[in-house]
Amino acid sequence: MNLIGDLMHSLGNYPKALEIRLSGLEIAENAQDSMALGNFNERIAADYLAMKDFSNALTHAKFGDLYGLQRAKSLSKYHIAYAFYHLNQLDSALYYARLRETNYLTQADIADQNLLLADIFEKKRDNKLALTFYRTVIPDARITYRPVLEARALAGIARYFQRAGQIDSALLYARHAIATLQRKDNQREILVRGENPDYHLSEISPLVADLYKSKGQLDSAYFFLQYATSLKDSLFNTDKIRQFQTLTFNETARKEELEQEKQAAQQRYQTRLTMNALGFIIITFFIIAFILYRNNRQKQTANALLHTQKEEIEKTLAELKSTQTQLIQAEKLASLGELTAGIAHEIQNPLNFVNNFSEVSAEMLNELKEELAKGETEEVHAIADDLKTNLQKITHHGQRASSIVKSMLEHSRQGRDAMHRVSTDINALADEYMRLAYHGWRAKDNGFNCNIETHFDPELPLVSVIPQDIGRVLLNLIGNAFYAVHQRATTLGAPLVGAPPYQPTVTVSTQKIDNQTLIRVTDNGPGIPEPIREKIFQPFFTTKPTGQGTGLGLSLSYDIVKAHGGAITVESNEDTGTTFTITL
Amino acid sequence: MKFLVVDDEKDVEILFRQKLRKEISSGEIEIEFAFSANEALELLRSRKPPDVMYIFSDINMPGMTGLDLLDKVKVEFPEIKVSMISAYGDGENYDRAMSSGAKGFFTKPIDFDTLKEEIQGFLNK
């Protein structure tokens, strides 16, 4: 489009060129193509310059300078400078001319530039400088084949001589300029470059006419004036001006339209913005709603899962509790089993006495009869006394047996509580269970030999306890003590020469300290190693081989003593053995 | 002829004295009692020369057992006869007692007829 514009421009049809370029500018504006904007504005500025509409030229040139790339910027500055030049703002013109970066200028551009400077200096009445620049233009213009520049430089020099009063010289340069523009080959060249030789001829012709007039050659002066007028007529006929005015109007209308469109676009943009914002809010709302919904669902799922897990855990807990009850029962049965052997012996002994004393009593009754027959009264009395003793012994041992059976039954009975507490002689209880434990252990291992010592405090008061429970604790502790000394006896091996042989000893003692009753069970076994000492009261903890211990003995003992409001403690040393102390 | 009965049950003394009443009152035998193996050993060691000829000992006693007593007596007083009396009439105790030099092995409850026969047999030797 710029090319067509250039063509129109070169045909001297500036309005047509302008029209084409303005429509091009519109497209470029719509496309937001800043390079095209730069180029079109620069070219449009050139068109307006050609039509001497300097203010419009200035406006577009400034846009060209703003949007264009390097070359368009440079050319736009060139146009700005010329517009200011024509508007007689010479300092501004000079300023813009000098803004052009000479580094990027071609030789042809340098010719343009020097001509521009020359024109500006001429108008600033700096004649010398103007002359210098005009002269530098000529060789560059010739080399780059720019006849217009050459002609304008020549005209400039001519004006210099005219002002200097050297009319002949001036006329020489002026005629030279006219001739340059009139040469056929030059005219073609000028047209190809998009310029009109007639325009430049119409510019220079009045100068020639003026010079002839100064010389008094009025016919020549007239001729050149006529020449200039005819050229100008063809360049700016009324039609073209009208066309141009229409165009200007069109452009103004288009600008208004653009403004309206811009506003409409802005409105549309705002509407779209509002719509977008609304859409965004709605989408955000849906996303939040979805997230909330999903969270809710997840929470519900998690709750359901938790509920299931809770039920499972509760079920497992119930199972565990039932298992624990069974295990405690098993432990009771196990200790009952241990008791049974001891009890068997303990019952057998009194029963033996019952049998033996009743037998011997029967025999003695026969003897009594014999002595009666003999009349040995003294002997009869002695036998009767023995018989009485025997009957007492039978009663005593019978009671002993039945009390053992009773305690055995009570031992396995469930659900004892504080109601079953009775004031108990702890010494007797300790002694009884010591024997039970001993015989139970003996029944298991007949080769076992152990010293048993008892130190009972005679000052011990009666203590309110559940005797069977404390008895079971004692049975556990004493049983463990036997196990410990047995372990040491069997693992010790032969004693060192000269050292006293190992004498397994289990001691049960009681002591009253202030208001407390202490029961101690001491063994001289291998002791409890430090690392496991604090674990021994934990349920199911046992050091015994599988099947020999439930790991509940000490745990139950601990619970029983605790239920009595007492405490059970342990002291252990790997050299001297272990002491368990029950404090009630 | 002096016999020693060792048992932790003290009523054994009354029983023995009544059962062997005639033998004791006739002066045929004398019976002493000890209620633990240690007590028995002390008694034996306190008499020089020991006057006890025959010991009847329970096996199952706290502290030193009857079998240990048997071993010690066999070492210190080899001429004294020892018989064991046990509630546990199992083979293991019997074998151990016999191999340690026990004269006889009686089970509880004691059959005094058999015991008397044993005493008579010993006296008649």
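The values are calculated or read from the model by the stated rules, or taken from the named source; none is laboratory data. As the structure is a computational prediction, the values presented were derived from the model and not from experiment. Neighbour counts run over all protein chains shown; Cβ positions are idealised from the backbone, glycine included. Calculation scope for accessible area: heavy atoms of the full protein, side chains included, ligands and nucleic acids excluded. Shrake-Rupley method; radii C 1.70, N 1.55, O 1.52, S 1.80 Å.
Amide H to amide H distances under 5 Å link B:Glu32 with B:Phe3, B:Leu4, B:Val5, where only residues 5 or more positions off or on other chains count and H is placed in the peptide plane.
Computed as a quarter of the hull surface, the mean projected area of the alpha carbon convex hull for the range A:1-87 stands at 4.6 nm².
With angles folded into 0 to 90 degrees, how steeply does helix A:90-99 sit against the dominant principal axis of chain A? Use alpha carbons for both and round to 10. It is inclined by approximately 50 degrees.
The angle between the Cα long axis of helix A:218-235 and the longest principal axis of the Cα atoms of chain A comes to about 40 degrees, rounded to the nearest 10. Phi angles across the range A:305-312 convert, under the Karplus curve 6.51 cos²θ - 1.76 cosθ + 1.60 with θ = phi - 60°, into 3J(HN,Hα) values of 4, 4, 4, 4, 4, 4, 4, 4 Hz, Gly and Pro given as x.
Look at the stretch A:353-365: the mean tally of other chain Cβ atoms within 10 Å of its residues' Cβ atoms is 4. Between A:Cys450 and B:Gly63, the built amide H atoms are under 5 Å apart, and every one of these is 5 or more places off in sequence or on another chain.
Using only the Cα atoms of the range A:114-225, build the gyration tensor, take square roots of its eigenvalues as a ≥ b ≥ c, and label the shape rounded, prolate or oblate: rounded if a/c is under 1.5, else prolate if a/b is larger than b/c, else oblate. Judged from the Cα gyration tensor, the range A:114-225 comes out oblate (a/c at least 1.5, b/c at or above a/b). Helices that extend 27 Å or more along their long axis by alpha-carbon positions and average at least -1.0 on the Kyte-Doolittle scale are absent among the DSSP H runs of chain B. With respect to chain A, whose longest principal axis is taken over its alpha-carbon atoms, helix A:14-31 is tilted by about 0°. For the pair A:Arg98 and A:Val192 in one chain, pulling the backbone fully straight at 0.36 nm per residue adds 31.0 nm over the alpha carbon distance. The three principal axes of the C-alpha atoms in the range A:255-409 carry coordinate ranges of 169, 19, 15 Å, sorted with the longest axis first. Using a probe of 1.4 Å on the protein chains alone, the accessible area found for A:Leu94 is around 20 Å². With N counted as the residues of chain A, its alpha-carbon radius of gyration over 2.2 N^0.38 Å works out to 2.76.
Modelled this way, with points 7 Å down the Cα-to-C-beta line, the labels at A:Ala253 and B:Lys48 are 16.1 nm from one another.
How big a patch of accessible area, both sides summed and in Å² to the nearest 100, lies buried between B and A at a 1.4 Å probe? For B against A, buried area totals roughly 2500 Å². State which entries of B:Lys72/B:Lys108; B:Lys10/B:Lys81; A:Lys62/A:Lys255; A:Lys315/A:Lys535; A:Lys128/A:Lys215 exceed 26 angstrom in Cα-Cα distance in the structure shown. The answer is A:Lys315/A:Lys535. The contact residues of the range B:10-29, meaning those that lose at least 20 Å² of 1.4 Å-probe accessible area when all protein chains sit together rather than their chain alone, are B:Asp11, B:Ile14, B:Leu15, B:Gln18, B:Lys19, B:Arg21, B:Lys22. In chain A, Cα pairs under 8 Å separated by at least six residues give a relative contact order of 7 percent. The longest stretch of chain B left intact once loop-based GluC sites (Glu not before Pro) with at most 16 other Cβ atoms within 10 Å are removed from consideration, loops following DSSP, is B:29-78.
Computed 3J(HN,Hα) for the range A:175-183, one whole-Hz value per residue from the Karplus formula 6.51 cos²θ - 1.76 cosθ + 1.60 where θ = phi - 60°, is 4, 4, 4, 4, 5, 4, 6, 8, 4, glycine and proline marked x. Computed over protein heavy atoms with a 1.4 Å probe, the accessible surface of chain A works out to 55 Å² per residue. Phi-derived couplings, Karplus 6.51 cos²θ - 1.76 cosθ + 1.60 at θ = phi - 60°, listed residue by residue for the range A:396-405: 4, 6, x, 5, 4, 4, 5, 5, 5, 4 Hz, with x used for Gly and Pro.
Database remark: amide H of B:Phe106 closer than 5 angstrom to the amide H of B:Met84, B:Ile85, B:Ser86 (H placed geometrically; neighbours at sequence offset of 5 or more, or on other chains; Pro and chain starts carry no H). When a/c reaches 1.5 or more, the comparison of a/b and b/c decides; with that in mind, is chain B rounded, prolate or oblate per its Cα gyration tensor? The shape class here is rounded.
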